[in-house]
Amino acid sequence: MSYTSSEYFVFLLLAVVCYYIIPKKGRWVVLLLASYAFYFYSSRKYIIFIIGSVITIYLIGLWLNRIDVDFKEAKKGLDKEAKKALKAKVSRKKRLVVWLGIVINFIPLVFLKYFNFFSYELTRVGNYMGIGGKLPIHHFLLPLGISFYTLAAVSYISDVYRGKYAATRNPFKLALFLGFFPHIVEGPIGRFDLLGEQLYEGHSFDYARVTQGIQLMFWGLFKKLVVADRAAIFVDTVFNDYTNYSGMYVVVAMLLYTLQLYAEFSGCMDIVMGSAEIFGVKLDKNFERPFISKTVSEFWRRWHMTLGGWFRDYVFYPISLSKSFTKFSKKVKAKCSPFVARILPAAMAMFVVWFGTGIWHGASLKYIMYGLYYYIIMVAGMLTEPLWCRIFDKLKVDRKGKVYRALQVVRTFIFVNIGMLLFRTDNMGSFFHMFRSMFSNLNLSVLTDGSLLNMGIDKMDITVIIIGLIFIIIAGVLGERGCNIREAVAGKNIVVRWILYYALVLAVLILGAYGFNYPDIGFIYAQF
């Protein structure tokens, strides 16, 4: 059930009506039933995987609670040394329990998503080493949202282990946290302490909140159906037959793919956040105007923010703050220069983060290289920062000036687009072919002589894409300046307000790239 389908909006309407007609105490049950009806409708028998994840983290959470209770009882009457020894023993036991929960939850994801990748790569290595045989290849279907709810499940048991909150004793509330239907397909990746109570408390009907949620949904539909799906036609034409295109065609396809992915993914987030807002639930934002970033690091703090936050809190910090890593850092500080001592430990922890980010996106070498591409850029920036500072100081460059910051934004935009090219291509071979081809036959006349009209889109499509992009840019600029557009619209008089509402709705209905003349284009991140 796609978030852009009529089925979804009928389903959402029924869920909203049922939610608000029953007493507050039972409203979370409506969300629970609606979420698993949505999941079963979309995945059928694969619902067993998310149910298995719920059961696992529920039991692991209670186990961790029990260990803490037993520890509090056991330490009574003990002297200081005995308490210290008992605490160390309990800590080891809790680590084993939480790692058991993490491994159990990752096993289905790793097996279903990465079995063929490892099978293929191990076969290649074996053939290279002269070892005969071929490992089997199976075509598994991924359960809906498994990459997203697995991370949410791991964050839950990790937070319980850290004592951030006690494990819930109600398995159905935990099931709602993992399976809440607006965020199950593409995120944002939820945190139990931020999302849990919102789901369970039962919200009163609020006309302003509901209308603002609907507005956000239609803005997301505008970005997805009007802009992204049109751009996808040109993008697919070039990338699916890349050997026959070079120069400006590849450059335009790369830029349009960046636009497509942003408009589609952020548009999906608008739809799901608007859907949740209708129920009074506020999901974490996943985008914050990433293309005004001055560095690649800043870009990733603004792009897919919940994924980046997850890797920061549950991979980078645990590694960099672990006892073994702390000891290593101290040895580096004792034997190396202060600069190396500062860079090396961080670079090592970052490698795990970016390798994980890459392979999380998909079971392919290109996704691993996608993650490592950003890792290399960030580490190179850290290593060369002192050199560039000295150069800029000698040249008396104003690093706080508008020109310098604009050049930083342009540089970051170029890096990101190259990363998007890698993300979209089928494999590393096609990436290198397309990357090289951008610098051959770079004929600017392609932009004006009508050649682009032979790529599955016409003048009207190009015009709509440009106008849509302008509106997206305007919305981004206003947002960066602190303007809450929905509140600003709500403050207008009723005539202006409803003219804007109808304009947005009609833009989606009339200009949306759907129907017989357009291919049915799914959500890119739903594949992950």
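The values are calculated or read from the model by the stated rules, or taken from the named source; none is laboratory data. Since the structure is predicted, the reported quantities are computational estimates derived from the model, not experimental observations. Don't worry about glycine lacking a Cβ; one is built from the backbone with ideal geometry, like all the others, and counts go over all protein chains shown.
Can you tell me which residue among V340, V281 is buried (at least 18 other Cβ atoms within 10 Å of the Cβ) and of a type in the set (V, I, T)?
On the way: V340 fails: buried (at least 18 other Cβ atoms within 10 Å of the Cβ).
Criteria check complete, one pass: V281.
Does L178 satisfy being under 19 Å from the mean Cα position of the chain (by Cα), at pLDDT 95 or above and either within 30 Å of L100 (Cβ to Cβ) or of a type in the set (V, I, T) (or both)?
Answer is yes for this residue.
Tell me which of these F287 doesn't satisfy, since it passes every other one: (1) surrounded by fewer than 22 Cβ atoms within 10 Å (Cβ to Cβ); (2) in contact with a His (Cβ under 6 Å, 6 or more places away or on another chain); (3) under 27 Å from D520 (Cα atoms).
For F287, the failing item is (2).
Which of (1) surrounded by 15 or more Cβ atoms within 10 Å (Cβ to Cβ); (2) in contact with a helix residue (DSSP H, G or I) (Cβ under 8 Å, 6 or more places away or on another chain); (3) over 30 Å from I521 (Cβ atoms); (4) at pLDDT 95 or above is the odd one out, the single condition I55 does not satisfy?
Result: I55 passes all but (1).
If you take the residues of segment 240-274 that are modelled with pLDDT of 95 or more and of a type in the set (F, W, Y), which of them is farthest from I462 (Cα to Cα)?
F265
Please work out which one of (1) in a helix (DSSP H, G or I); (2) over 23 Å from the mean Cα position of the chain (by Cα); (3) farther than 30 Å from L500 by Cβ is the condition R209 fails and give its number.
Of (1) in a helix (DSSP H, G or I); (2) over 23 Å from the mean Cα position of the chain (by Cα); (3) farther than 30 Å from L500 by Cβ, only one is false for R209: (3).
If you take the residues of segment 58-93 that are in contact with a Phe, Trp or Tyr (Cβ under 8 Å, 6 or more places away or on another chain) and at pLDDT 95 or above, which of them is nearest to L174 (Cα to Cα)? It would help to see each step written out before you state the result.
The initial filter retains those residues of segment 58-93 that are in contact with a Phe, Trp or Tyr (Cβ under 8 Å, 6 or more places away or on another chain), namely 61, 64, 86-87, 90.
Okay, now just the ones that are also at pLDDT 95 or above, so 61, 64.
Numbers: G61: 10, L64: 16 Å.
Out of the qualifying residues, it is G61.
Could you say which residue among G61, G26, G77 is over 24 Å from the mean Cα position of the chain (by Cα) and at positive phi? Break it down stepwise before answering.
Values: G61 fails: at positive phi; G26 fails: at positive phi.
Selected residue: G77, the only one of G61, G26, G77 that is over 24 Å from the mean Cα position of the chain (by Cα) and at positive phi.
A quick yes/no check of all residues on (1) within 23 Å of the chain's Cα centre (by Cα); (2) under 30 Å from T150 (Cα atoms); (3) of a type in the set (A, V, I, L, M):
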{"position": "L321", "(1), (2), (3)": "no, yes, yes"}
{"position": "S329", "(1), (2), (3)": "no, no, no"}
{"position": "A334", "(1), (2), (3)": "no, no, yes"}
{"position": "S337", "(1), (2), (3)": "no, no, no"}
{"position": "L365", "(1), (2), (3)": "yes, yes, yes"}
{"position": "G381", "(1), (2), (3)": "no, no, no"}
{"position": "L395", "(1), (2), (3)": "no, no, yes"}
{"position": "K402", "(1), (2), (3)": "no, no, no"}
{"position": "V409", "(1), (2), (3)": "yes, no, yes"}
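Considering only segment 166-214, state which residues are surrounded by fewer than 19 Cβ atoms within 10 Å (Cβ to Cβ), among the β-branched types (V, I, T) and in contact with a Gly (Cβ under 8 Å, 6 or more places away or on another chain).
The one that is surrounded by fewer than 19 Cβ atoms within 10 Å (Cβ to Cβ), among the β-branched types (V, I, T) and in contact with a Gly (Cβ under 8 Å, 6 or more places away or on another chain): I214.
Checking the conditions here, which among L422, L452 is surrounded by 13 or more Cβ atoms within 10 Å (Cβ to Cβ) and either under 23 Å from the mean Cα position of the chain (by Cα) or modelled with pLDDT of 95 or more (or both)?
Values: L452 fails: either under 23 Å from the mean Cα position of the chain (by Cα) or modelled with pLDDT of 95 or more (or both).
The unique qualifying residue is L422.
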